[in-house]
Amino acid sequence: MNDAHSILTREDGATIGYRRRDGKSPGVVFLCGFNSDMSGTKAEALDAFCTARGQAFVRFDYFAHGVSSGDFAELTIGRLLGDTLAVIDKLTEGKLVLVGSSIGGWLMLLAALARPERVKALIGIAAAPDATEDLMWQRLSFELREDVITKGAVRVPSKYSEAGYLITRKLIEEARNHLVMRAPLAIDRPVRLLHGMMDPDVPFETSLTLADCLTGADVQVTLVKDGDHRLSRTQDIELLLRTLTGLLT
């Protein structure tokens, strides 16, 4: 495969940009974070790792992210989940290890619930399940919440984007149909949760709460004392790849 991305077209004509490497099972699928894309450090490292092992690998951009089509104002968690399931259904075979970063960690859980027969294991990197409710909405001031309700959207500053993040009423309200940490979470697969204790965006306690919610017995949380949200330093990538190696064998 060359460096050019390929295109998967959804039923409504929207396009998902992706990069796929054929290889042995179990395959690996990387789910990036909110406002991120498939060209990030972790995605590249996983691609190189899977290539060296001859492991099947897919990375892709969600609706309104990266090279995929879509208007960010129309983005919902349900739409991102639909993209994720389309990639799993149409671009992969056999058992999969899903690796989800930040909101990608929420989507990997939803995908595991929707396609339990396809999932071998899960790895969350600063996983952010229920983030729209517990992080985005809870952190908005009363005035900004009123703006979301009355105007339909607000844009909030972010150190990851000069333009800031657009938070829409549609995103917040639709996501309430996909919350996963309000009750026991029936996923009986190995789960590994990696989280930096210096994460300013998703508190590391989120991974501890998620571990408590999961009903499966094979759940491990690894806390990186000096780790940030992205966990993209050399030592963080090495931890991720060691963790993945243990789930592929």
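Within region 20-47, the set of residues being in contact with a helix residue (DSSP H, G or I) (Cβ under 7 Å, 6 or more places away or on another chain), buried (at least 23 other Cβ atoms within 10 Å of the Cβ) and under 15 Å from D89 (Cα atoms) comprises V28, V29, F30, L31.
When E44, E93 are checked against the criterion of being more than 20 Å from D212 (Cα to Cα), at pLDDT 95 or above, assigned to a loop (DSSP other than H, G, I, E, B) and of a type in the set (D, E), E93 stands alone in meeting it. Checked against (1) surrounded by fewer than 19 Cβ atoms within 10 Å (Cβ to Cβ); (2) of a type in the set (D, E, K, R); (3) in contact with a His (Cβ under 6 Å, 6 or more places away or on another chain), R155 passes all but a single condition, namely (3). For region 171-198, residues that are closer than 18 Å to L81 by Cα, touching a strand residue (DSSP E or B) at 6+ places or on another chain (Cβ under 8 Å) and surrounded by fewer than 18 Cβ atoms within 10 Å (Cβ to Cβ) total 0.
None of S39, S6, S25 is of a type outside the set (F, W, Y), touching a strand residue (DSSP E or B) at 6+ places or on another chain (Cβ under 9 Å) and without any contact (Cβ under 8 Å) to a residue 24 or more places away in the chain except S6. Considering region 1-19, the residues that are crowded, with 18+ Cβ neighbours inside 10 Å and over 13 Å from D83 (Cα atoms) include one that is modelled with the highest pLDDT, namely R19. In region 233-249, the residues that are more than 20 Å from A56 (Cβ to Cβ) never reach a residue that is among the acidic types (D, E) with C-beta atoms less than 8 angstrom apart, at least six apart or across chains.
Condition check ((1) touching a strand residue (DSSP E or B) at 6+ places or on another chain (Cβ under 6 Å); (2) modelled with pLDDT of 95 or more; (3) crowded, with 19+ Cβ neighbours inside 10 Å) across all residues:
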| site | (1), (2), (3) |
| --- | --- |
| T206 | no, yes, yes |
| L210 | no, yes, yes |
| T215 | no, yes, no |
| V224 | yes, yes, yes |
| S232 | no, yes, no |
| Q235 | no, yes, no |
| L240 | no, yes, yes |
| L244 | no, yes, yes |
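The values are calculated or read from the model by the stated rules, or taken from the named source; none is laboratory data. Just so it is clear, the model here is predicted, and its values are computed rather than measured. Reconstructed Cβ throughout: ideal geometry from the backbone, glycine too, with neighbour counts over all protein chains shown.
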